[in-house]
Structures are given as C-alpha cells and as structure tokens.
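First up is the structure itself, then whatever we jot down about it.
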Amino acid sequence: MKTSILAGAMLALSSLAPVFSAPANFESGSLQVEQLGNKGPALIFIPGLASGSWTWRDTAERLSKNHAVYLVTLPGFDGRKPAPGVNFETLGKDLRTLIETRKLDRPVLVGHSLGGTLSMSFAADHSALISGVIAVDGLPVFPGTEGVTGDRSALAQQARSQLAGQTPAQFAAHQQTYMSRMGVIDAAVAKRLAESSSRSDPGATAEFAAQLLMLDLRPKLPAITVPVIEISPFYAQDFAAMGVDENAKTNYYRMLLQGVAKLDVVSVSPARHFVMFDQPEKFAAALDGALAKVIELGASK
C-alpha cells in the first residue's frame with residue numbers, strides 16, 4: 001500500500017517537472033547561454049558592454065512563464081574568459097548556430113546597448129531567421145559619432161587606450177563612475193551595478209568598445225525586413241545643458257535609425273542607460289507592448 005502511494009506521488013511530481021525544471025546552461029560558439037522556460041515564442045536576450053545575464057534577470061524570469069527565454073553572455077564579460085578573435089561577425093554566426101541548433105522558430109532578439117547593436121547587425125544579415133528586434137538604448141552607430149566619415153580607427157584606439165591597461169581596481173573605479181553618471185539615477189543601484197559590471201575583463205571590454213565605435217550599420221538598415229522597436233531612456237537633467245527635451249531625443253534616435261522600414265521608438269523616463277533598473281514597471285510595460293507588436297507583425301508576415 002505504501003509503495004503504491006509513493007509511486008503515485010512520484011508520478012504526480014514528474015508531471016510537474018517542466019514547471020520546476022532547472023535552467024539549462026550550454027554554449028553556442030563563444031556565447032554562454034542559459035535557458036529559462038520552454039514554451040511559447042522564443043526570446044534571446046543579449047546584454048551590453050561589460051554586462052552579463054544579470055541585466056535581464058528579472059525581465060527574463062517574468063517572461064519565462066510564457067516564453068522560451070535564452071540569456072546569452074559574451075566572452076570576457078561577467079567573469080567569463082576573453083576569447084581572441086571574437087567580433088560582430090563571429091557573434092552573428094554564434095547567434096545563428098543557437099537559433100538553428102535549438103530549432104528556434106523566428107525568435108525575437110532583445111538587446112541592451114551593444115546587445116541592441118548586435119541584434120540589428122544580425123537582423124540586417126538574417127531577417128528571415130527572426131521575428132524582430134527590440135533594442136534598448138542600442139543603435140546602429142554610436143551616438144555622437146554619426147558625423148564621422150571614412151576611417152573610424154582613431155575612435156577605436158581611444159577606447160582601447162582608455163580601458164585596456166586598467167588594473168581590476170582601476171576598472172572597478174571606472175565602472176563606478178560610469179554607473180553613477182550615465183548608468184542609473186539611484187546611487188545605491190549604481191554601486192550595485194558597478195560591482196556586477198566590474199567582474200568583466202578590462203581588455204575584453206576595451207576591445208568590444210573599440211569594435212562598437214568602428215561600426216556604422218546605417219547603410220545596412222534597409223536590409224532589415226522585420227520590425228525594430230527602440231526603447232529610448234530619457235533623464236531631463238542629463239540633457240538640460242544641451243537644450244534637448246524628451247521629444248527631441250526620440251526624434252534624434254529616429255534619425256539614426258532611418259532606413260528601417262518597420263520602426264518604432266518608445267521613450268521611457270526618467271531613466272538613464274540601464275532603464276530596466278531605473279524604471280522597472282515602465283520598462284516592463286514598454287517591453288511587453290513591443291513584444292506584442294513584434295510577435296503580431298511576425299505572425300502576419
């Protein structure tokens with residue numbers, strides 16, 4: 001009698017296994033991947049410079065109830081060892097491998113900062129493989145450098161010289177300054193995010209920053225046939241001296257993204273670069289609206 005009861009209980013628990021299953025961790029080329037959830041439309045979350053899956057953790061766990069969520073971390077970031085020779089082209093190949101080997105049905109790429117730029121680069125080459133891109137303060141060209149024509153190597157070298165030779169202590173101090181001035185509004189949150197981002201390798205951060213400054217995807221934007229939704233954070237205090245209001249910044253981002261056929265730019269304020277930490281509720285609403293739009297348009301394609 002006891003044996004049959006135990007067997008019945010084990011059978012009942014086994015039927016719940018997909019709900020309580022542990023995250024799956026694996027690698028796709030140079031990418032470290034963590035899977036959360038296994039049902040619904042697939043989402044691939046890509047963090048930004050010197051960032052890891054912690055950027056997306058709360059968002060990913062919330063959305064994993066109705067989506068197959070894949071969190072990726074680039075080499076050299078968040079405690080991972082750097083991988084020589086990795087660039088936007090190789091990362092694009094690794095993303096394609098992830099989509100094809102896992103048989104993902106046109107996932108949505110959701111990228112923050114560098115991750116948003118990488119998502120647009122992938123969309124320009126492989127729109128047929130995805131449903132759309134949601135970029136969070138990630139653009140086809142680094143803001144402020146859009147007027148640079150020809151050789152951009154001087155910009156790249158400046159980034160390398162600033163970061164590549166830093167000691168871990170110097171890099172941690174640099175990250176604290178960045179997070180306090182540009183990352184987030186709240187000082188306590190800035191300290192916490194700086195501690196997380198300083199786990200990244202200074203040399204890898206320098207190299208990816210250099211690659212980002214070298215890149216100008218604007219000529220390739222017309223090749224993107226899927227929807228692109230840009231989430232643009234705005235903090236009035238940071239733009240007051242320039243006389244730029246929220247509407248002007250939104251229009252500036254639209255200008256940088258000219259050429260994308262299916263484009264929307266959504267502003268979230270008050271927030272800095274890591275908008276998901278400054279305004280978690282507003283960001284969640286903006287992201288949910290963007291996902292609904294991308295998935296709806298993707299289904300009608």
Worksheet, complete the sentence: Of the residues in the stretch 259-301 that are in contact with a helix residue (DSSP H, G or I) (Cβ under 7 Å, 6 or more places away or on another chain) and among the polar types (S, T, N, Q), the one that is surrounded by the fewest Cβ atoms within 10 Å (Cβ to Cβ) is Ser269
Response to the item:
Across the stretch 188-227, the tally of residues that are of a type in the set (Gly, Ala, Ser) and free of Cβ contacts under 8 Å to residues at least 12 places away in the same chain stands at 1
Worksheet, complete the sentence: Taking first residues from the stretch 169-187 that are touching a residue at least 12 places away in the same chain (Cβ under 8 Å) and farther than 13 Å from Tyr235 by Cα and second residues anywhere that are part of a loop (DSSP other than H, G, I, E, B) and among the acidic types (Asp, Glu), the pairs with Cβ under 9 Å that are 6 or more apart or on different chains are Phe171/Asp201
Worksheet item: Give me the pairs: first residue in the stretch 29-56 and under 13 Å from Pro107 (Cα atoms), second residue among the aromatic types (Phe, Trp, Tyr) and assigned to a loop (DSSP other than H, G, I, E, B), beta-carbon distance under 9 Å, and six or more apart or on different chains, which are they?
Response: Phe45/Trp56; Ile46/Trp56
Discussion item. Need pairs with beta-carbon distance below 9 Å; first residue more than 13 Å from Asp137 (Cβ to Cβ) and within the stretch 228-242, second assigned to a helix (DSSP H, G or I) and of a type in the set (Lys, Arg); sequence gap 6+ or separate chains.
Written reply: Phe239/Lys249
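Listed here are the residues, each with its yes/no results for (1) of a type in the set (D, E, K, R); (2) crowded, with 23+ Cβ neighbours inside 10 Å; (3) in contact with a Gly (Cβ under 9 Å, 6 or more places away or on another chain).
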| site | (1), (2), (3) |
| --- | --- |
| Ala68 | no, no, yes |
| Thr97 | no, no, yes |
| Arg102 | yes, no, no |
| Gly115 | no, yes, yes |
| Gly132 | no, yes, yes |
| Val136 | no, yes, yes |
| Pro143 | no, no, no |
| Arg152 | yes, no, no |
| Ala159 | no, no, no |
Worksheet item: For the stretch 225-255, how many residues meet the condition of being over 18 Å from the mean Cα position of the chain (by Cα) and more than 30 Å from Ala187 (Cβ to Cβ)?
Response: 4
Item to complete: Go through the stretch 160-192 and give me each residue that's among the hydrophobic types (A, V, I, L, M, F, W, C) and over 20 Å from Lys81 (Cα atoms).
Response: Ala173, Met179, Met182, Val184, Ile185, Ala187, Ala188, Val189, Ala190
Worksheet item: Can you tell me which of Thr149, Thr145, Thr205 is of a type in the set (Ser, Thr, Tyr) and over 24 Å from Pro222 (Cβ atoms)?
Response: Thr205
Worksheet item: Exactly one of (1) under 20 Å from the mean Cα position of the chain (by Cα); (2) assigned to a helix (DSSP H, G or I) is unmet by Ser200. Its number?
Response: (2)
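Each reported figure results from applying straightforward, stated rules to the coordinates on display, with no laboratory input. Keep in mind it's a predicted model, so treat the numbers as computed, not measured. No Cβ is skipped: glycine too gets one built from the backbone with ideal geometry, and neighbour counts run over all protein chains shown.
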